[in-house]
Structure formats: structure tokens, C-alpha cells
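In what follows, a single structure is set out as C-alpha cells and then discussed.
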Amino acid sequence: MLEIQPDPVLKFPESWHRHHLLDLESLSADELMTILNTAAAFKSETHGFRRKLTALQGKTCANLFFENSTRTRNSFSLAARRLGGDTIEFTSAGSSIAKGETYIDTARNIEAMTADIMVVRHSTPGTPLRLSKHVDCCVVNAGDGPHEHPTQGLLDIMTIWEHRRNFEGLTVALVGDIAYSRTARSNIWGLKKLGAHVIVCGPATLVSRHWEDFGVEVVYSLDDILPRCDVLNLLRIQFERQHTRPFPSVREYALLFAMNRERLARAKEDILIMAPGPINRGVEITPDVADGKHSVILDQVTNGVAVRMAVLWLVSNARDRKECRR
Amino acid sequence: MTRILIQNGRVIDPSQEMDQQIDLLVEDGKIAAYGPRADHVDQVIDATGKIVAPGLIDLSAQLGEPGREEDETIQTATAAAVAGGFTSILCLPNTEPPIDSQASVEFIHQKAARANNCHVLVAGCVSKDRAGKELAEIGSLVEAGAVALTDAPRPIQNSELLRRALEYCLMFDRPILSHTEDWELSHDGVMHEGKISMMLALPGLPTEAEDVMASRDIRLAESTGGRLHLLNISTASSVDQIRRAKARGINISAGIVPINAVLTDECLRSFDSNYKLNPPLRSQEHVDACLAGLADGTIDVICSGHTPRASEKKMLELDLAPFGMVALETTLGFVVTKLIEPGHLDWISALAKMTIHPARVLGIDRGTLQMGTVADIAIIDPHASWTVDPTEFRSKSINTPLAGWTLRGRAVQTIVAGTPKL
């Protein structure tokens, strides 16, 4: 049984002003730390989400998913409900053309059901940003195509932070399909802001040299970088987003980039192995590594609820406070 | 006989290398005299402080009609043209059905006559049904009045077809207008491929998609001796290839949509579909190369790239929204504000690229104020400052990234074959 208790006295961080969370690219290091600290506070105050809070009581959080998702959608729903909010679920895979209604009209309809926060997933980059110009409520990006997935980036970063407490001097490698990965982009921006050294590693057809312009190391060989990595984040190959095969076969990919026992033996003793779900066992990661002692994959999922609670609370409160000042 | 005297204006006619304060008499639809006395005139237009130029000629307007009347009609497009100082616009054949038959050419001419705003010239299809497979009946199209052949905005992917078309057109002395883009390379691209597209994770239109086709086109123009005009270029390599081809004496010309020489792909960071253009807004090095190409004469023509699209289409997701912007009403102001005033082009060379050069590409007796020619005239207030408000457009569509911009320079009178239209 969940016990419902009065909220812990969480003080709203005065430095937070955003009504939307659209990306990590535009966030400052301070803003990132505000989210992480808030998420950590929610996680401990609820004893790992076993208590329900009231911070979002009376608020409605609409999950507007134009692309299929189970874990992110459920994670957002749980986060909203743990904070005492109500949720609306709207899942509609397919484009505006297929439905005959523009995504903007769909969103306005949902907003008319008095949504305070809209959590948006869409297969096209920039759609949450465009929506934020057409609705009054808060907009949280839950993944816009290959562009960004800010709460995924945050939960990855929170997991690293829990294990290491410090980003300076830390080397984090993102391995795999960088080109089509929203997780990669959100991690890159967030980790760079917090002072980590970021490496992107994968087939040359999926790793752009332009990342070097942002101080990111671009490497094509996983074996070359293994001994100096503190964290490996193994990204899934996004076959569904690619119109031509960027490498000859899955077999060859696994040969070059799969994290397996042999490679793990050459890595640092305390390396963290991460992966944004869903994982493809045998492609980017072998089962023994996925389930082994270095793996923090399930911590990531748990922290997902915490960062989403933090984000929902921060954006909706920032909006309320602005309304009050009007 | 109607006599109109245009007084006290600064006449700039690049075809005669003329830039002087002089009065101009229009008689019976023709340029009749320079500096005459004002007796027995029906109308006097005071052009004090204004520039009197040949009416602008556009080589790349999409008119929507027939088939896409929700975007534009010949009536609204020609009204927009006149408001923008254009006296002749070339209708691209991407109508539905496409302009690949005499009947289609005649339909456009009839509708244009009924609209009675400006001259509408017709570009016929190079290929049947604009499908890029076999030649359209080019001879019949020319007989019906088509002044150029093109499949634009669709590129001709089949090199053999383009080669044959260039050869075949030698019989009619008509140019082929080419939109240079390799579809295999550009695929489902949305914006210029580079650092910004990588950040935004938007599918890219790589420069090579244009470069390799420019290279092919130039080679085929050289070997066939056909007349080829590259409609709208946007890359540093295209500019460079054209510059070298001209130096070698190859008979080609090139045009540009002026926004490609001004704005960069940074604009796409807004994810606003009004910046989704083809050719796409590219990175600074390409913008700089285009500016240099305009300045040294490598790029002969400035065209509007007028692509009206109904707002419900532009409201779609960025990958689904169509390319293009409306431009007939903003091109002149944009050129004055962004190319002339900053000193990239002087008035006479900028106007040349919008009057006599496009006329020469088509081989028509327009774009000039020489005595005896048809009196197509734009009277321009070079200092008029105005704010772009799409709700005031005469065009049926409002898809422009320039909404809210303050531009300087505007047509205050557009005279088409001797008749004032504004």
C-alpha cells in the first residue's frame, strides 16, 4: 500500500524559469544540476517512489505520443501520478497526413481538455518546439525523432552522477548509431556542459566529424578507447530511421562494436555499462555484459521516474509562478 | 494613342548601360522617346526621387494553376508579380496536369490574358508528364508559345534524356532550364547537410547533390552546344564550376534565389517550415561563394523562386511540409536591402540580373527600355521602408520566412505594355 503523506518541504529553486523542457542543448550546467538535485530529493523523499506526494495535485499531465512507446510513456505517467497529478493518455502513431489532422490541431484539442503539461513524443525533430509556440501549457519533449530526448539524457547523467558524484575528468563514450540517436545528442550536450570528456564511437557512416567542432572526440574503433573509458553508453541501431543500410550486416557491426566479455576484460575495473532501452542482446551488448556487475541499465530506468518527476514539477511550477506575477 | 510621360526619374537601363536623370515617353504601349517636352500627354507620372527601370522578369514562378488552386492562381500570382515590380513571369510547368501539351500552354496564356496583370511566359516540360523518361513534344510546345523547356522544380535525373533534349532544342533555339539535384544523394533531405543538420538531426541535402549535377549539366552543354541555364544554384562548387565553364567559353548561364546568398542554415534551428527551401539555406561558406558569384557576374540571373504553398501544408511536420516560399512581392525589396544597400551589387548590375539577363536567357525582346520596345517599366522607390505583412500579400499563400522584416525598396508603379497596373 502506498501511503499518501504531506509533501516534504521542497523549496522551489528560484533560478529555474523554464516552462518547457525541449532539449538539453540550451540548458546551462546550473539548470542541469537543479534538475538532478530535485530528482535526487524526490527519489529519497519518496523512499524510492514508495510514497505519493501532492506537488502536482490538481494538475493534468497529457501524454501526447505520436510515436509508439511503452517505457517512456509509463515512466512519465507514473511520475505525474506519484506527484498527485492526473494524466491523459493520447497515443496516435502516424503523421498528420495519415490522420488528416495537423499535429498542432491535435495538441490544441488535448490542451482544451485543460492540460497543464503536455509530454510530447514525435518522429519529426523540432515538433515539441513548434508545439510550444502554439499552446499555452508546458511542453516536455519525450523524444523528437533522432533529435533529442532530454529526460533520457538526464536519467543517464543522473545514473552516472549517483555512481561517480563528479563529471570533471570523467570519460564517457557513446557507442553505436550516433547519427540517428536522440539519446546521443541529449547526452552529448548535457555531459559536455557538466565538464565530462565525451567520445562518440561507431561506424564512420553513423558518426559525423562535425562533432569535433563541439569538443567531442570522434573515434571509429571501440577497442582503441576501451581502456580509458569510465562509462560506456551503448546505443541501439535505429534501423527504422535509416533509409539505406549504413553498414554491411549486423554480424559485422557486432564484430566491431558489441560490448562482450572479451572487451570488458580490457576495460577499467569500475567501468559503468549503460544502455537506453530497449537493448538488442547480441547486437550492441551481449547478455552476460547486460546482466553483469558493471551494468547499471536498470538503475537508469528507476532514475527515469525521478528526473521526470523533477521536470514536471519544475516546469509547471515555473509557469504557475509567472501566472501569479501577471 | 495613349501617351504617358514619366518625369524626373532616374532611368537605369542595364541593356543600354544607362543611368541618368531623364524623362521617358511611352506611346501606344512602346517606349517612344527620351527627354521630350510634355505636350499632348494623357498622363504624367512624377518619378521624382524614383528609379525608372525595365519591368522585372522572373524565370522561376510557380503559379499553382491548373491543379493547385489552393496555393495560387494565375490571377493572384500575376497580381503579386505586378505588386513586386515584375512585368513578365515565367510559369514553371509543375502544374497538374503538367505543361507538356499545346493545350496546357494555351490554357496558361488564356488565363493570363483574362487576369490582365502582367505577361506570363510559359516553360514547357522537357519530358512527357514531367516524368523524366521520354521527351515531351518540344516542337509543338514551342509552336504553342513555350519560351523555354524544363522539368523544374524536378531535376532531370536521366543524363541521356538531358543530352537528347539539349540536342533536340538546337532546332528551336530554346533554352533548357535545369534544377541541379541528384535525387539519390538528396533523398528525403530537409535542409543543408552539415553541422547544423547534424545537431538538429534533420535529414540533409548534401552540397554534392547539386555539385555533381552542375558538373554533368555543364559537360553536356559543352558537348552538345545546347543552351543551358542552371535555374537556382546554391553551392560554392557550383559557382566555381560555372565560373570556370564560362572562362572556357561554354554557353551556359546561371541563376539564384537571392535568399541563398543571404541567409544560412542557422535559420532552421527554429524548425520553422517557412525556412524549408530547395535549394536549401546553406552554411556561411556557400552563402559567401554565392555573393561572390553574383558580384563577379558568374551568376547572371536573380529569380524569385516563388513557391506558394497553402498554410495547412506548411503547418505539417517539418519533414512532410513542402519546400518553398512566396517571393514575387518581396524579391525586389530583399535585393535592395540585402544586396544593393550593403554594397554587394550596384543598382545597374542588380537590375541587369532581373531584367536584360533573364530576357537574354529566354531570347526575348524584353528587359530593356530601348526605343521602340514594349513599354514594360518598373518605377521603384529605392528608399521606401516597409514591413513584410503576409496578410497584405496579393498572392494567395503566405509562406514566407520574411514576415515582420523591414525592407527598403519597393515598386510604386508597374507599367505593363504601356498600361499602369499599380
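Details
- Each principal axis of chain B carries a Cα extent, and these read 64, 47, 44 Å when sorted largest first.
- Taking only the C-alpha atoms of region B:341-412, the Rg (one decimal) and the largest Cα-Cα distance, Dmax (whole number), read 15.1, 41 Å.
- Between B:ASP365 and A:THR205, the FRET efficiency estimated from the beta carbon spacing at R0 = 60 angstrom works out to 0.65.
- Counting DSSP beta bridges with both ends in the protein assembly as shown, the antiparallel % (nearest 5): 30 percent
- At 0.890 mPa s and 25 °C, Stokes D of region B:62-151 from Kirkwood alpha-carbon radius, µm² per second: 192 µm²/s
- Entry note, region B:197-314: relative contact order of 27 percent, from Cα contacts under 8 Å with a spacing of 6+ residues.
- Sum of side-chain charges, A:ALA80 neighbourhood, beta-carbon under 9 Å (Lys, Arg +1; Asp, Glu -1): +3
- Relative contact order of chain B, pairs being alpha-carbon contacts under 8 Å that are 6 or more residues apart, as %: 20 percent
- Taking the three principal axes of the alpha carbon atoms in region A:59-190, the coordinate ranges are 49, 35, 25 Å, sorted in descending order.
- Where only alpha carbons of region B:308-379 are counted, the Rg and the Dmax (Å): 16.8, 52
- Normalised alpha carbon radius of gyration of chain A [divisor 2.2 N^0.38 Å]: 0.99
- Span from the region B:33-94 Cα centroid across to the region B:245-290 one, whole angstrom: 25 Å
- CD proxy at 222 nm, helix term only [per DSSP H run n ≥ 4: -39500 (n - 2.57); per residue of chain A; nearest 500]: -11500 deg cm²/dmol
- Beta bridges per DSSP with both ends in chain B, % antiparallel, nearest 5: 50 percent
- J(HN,Hα) series, region A:290-300, from Karplus relation 6.51 cos²θ - 1.76 cosθ + 1.60, nearest Hz, glycine and proline x: 4, 9, x, 6, 7, 6, 10, 4, 6, 4, 4
- Placing pseudo-labels 7 Å out from each Cα toward the beta carbon at B:SER223 and B:GLU208 gives an inter-label distance of 2.2 nm.
- Region A:159-249: translational diffusion in µm²/s, Stokes-Einstein, Kirkwood Rh over Cα pairs, 10 °C, 1.306 mPa s: 118 µm²/s
- Pairwise Cα separations in region B:49-92 fall into 5 Å bins from 0 onward with the following percentages, short to long: 5, 23, 29, 20, 11, 6, 4, 2, 0.
- Calculated SAXS-style log₁₀ I(q)/I(0) at q = 0.14, 0.19, 0.20 Å⁻¹ - region A:120-210, Debye, Cα scatterers: -0.55, -0.90, -0.96
- Set the Cα radius of gyration of region A:210-323 against 2.2 N^0.38 Å, with N its number of residues, and you get 1.34.
- Over chain B: helical MRE at 222 nm, DSSP H runs n ≥ 4 each giving -39500 (n - 2.57), nearest 500: -7500 deg cm²/dmol
- For region A:37-73, backbone nitrogen atoms closer than 20 Å to the point 7 Å from A:PHE12 Cα along Cα-to-C-beta are found at A:37-43, A:53-62.
- Cβ-Cβ distance of B:SER159 and B:ASP39, R₀ of 56 Å, FRET efficiency by 1/(1 + (r/R0)^6): the value works out to about 0.35.
- For chain B, the tally of Lys pairs with Cα-Cα distances below 26 Å comes to 27, considering only residues 8 or more apart or on different chains.
- Once C-alpha pairs closer than 8 Å and six or more residues apart are averaged by separation and normalised to the residue number of region B:300-342, the relative contact order reads 40 percent.
- Semi-axis lengths, Å, the protein assembly as shown, gyration tensor of Cα atoms, sqrt of 5 times eigenvalues: 57, 29, 22
- Estimated FRET transfer efficiency when R0 is 35 angstrom, pair A:SER92-B:GLU96 (beta carbons, to 0.05): 0.70
- The label point for B:ILE250 and the one for B:SER349, both projected 7 Å from the Cα toward the Cβ, are 2.3 nm apart.
- Whole-Hz couplings from phi, Karplus 6.51/-1.76/1.60, listed for region B:20-25; x for Gly and Pro: 8, 7, 7, 7, 9, 9
- Label-to-label distance, nm, for residues given as A:ASN260 and B:LYS133 (7 Å Cα→Cβ offset): 4.9 nm
- 25 Å Cα-Cα reach of A:LYS268 towards lysines, excluding residues that sit fewer than 8 places from it in its own chain: A:LYS192, A:LYS193, A:LYS293
- Longest site-free stretch - chain A; sites: GluC sites (Glu not before Pro), DSSP loop, at most 16 other Cβ within 10 Å: A:169-268
- Formal net charge of residues neighbouring A:THR60 (Cβ-Cβ distance under 9 Å; K, R +1; D, E -1): -1
- Derived scalar couplings ³J(HN,Hα) [region B:173-189; Karplus, 6.51 cos²θ - 1.76 cosθ + 1.60; whole Hz; x for Gly, Pro]: 6, 10, x, 9, 9, 10, 9, 8, 7, 8, 5, 5, 7, 7, 6, 9, x
Each reported figure results from applying straightforward, stated rules to the coordinates on display, with no laboratory input. Keep in mind that this is a model prediction, so the values were computed, not measured. Counting neighbours? That spans all protein chains shown, and the Cβs are built from the backbone with ideal geometry, glycine included.
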